[in-house]
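The values are calculated or read from the model by the stated rules, or taken from the named source; none is laboratory data. Keep in mind that this is a model prediction, so the values were computed, not measured. Cβ sites come from the backbone with ideal geometry, for glycine too, and all protein chains shown count toward neighbours. Heads up: the accessible areas ignore ligands, DNA and RNA and are worked out on the full protein's heavy atoms, side chains in. Shrake-Rupley method; radii C 1.70, N 1.55, O 1.52, S 1.80 Å.
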Amino acid sequence: MTISFAPLFGVLALAPGYGRKAAQIVARIVTLWINRRAAYRLAELDDRGLKDIGLTRNDVMGALDLPFMQDPTLPLVHRRRARR
């Protein structure tokens, strides 16, 4: 009787690709979470502190209203650059 391991090796060959994709998804979620926390810390600043870095309270609140899967810091960077 002969046992073939070809299907098993085919599945194992796909596993690193799926593992890499899963790691990328986890890294993206962690990055979004960290950036959202940074935006919340910006929201804790007073209006003068926000003005010093080129933002307004409305900018920060608008960025925090974005869905979780959108990075809130990117619109803040774009708004700050637009005001320069």
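The single condition from (1) surrounded by 14 or more Cβ atoms within 10 Å (Cβ to Cβ); (2) part of a helix (DSSP H, G or I) that R28 fails is (1).
Based on this model, can you work out whether R57 counts as of a type outside the set (V, I, T) and open to solvent by 100 Å² or more (accessible area, probe 1.4 Å)? No, not satisfied.
Among the residues of the stretch 71-84, those identified as touching a residue at least 12 places away in the same chain (Cβ under 8 Å) and under 23 Å from T31 (Cα atoms) are D71, P72, T73, P75, L76, R79, R80. Picking from residues in the stretch 60-78 that are in contact with a Pro (Cβ under 8 Å, 6 or more places away or on another chain) and hydrophobic (A, V, I, L, M, F, W, C), the one that is least open to solvent (accessible area, probe 1.4 Å) is A63.
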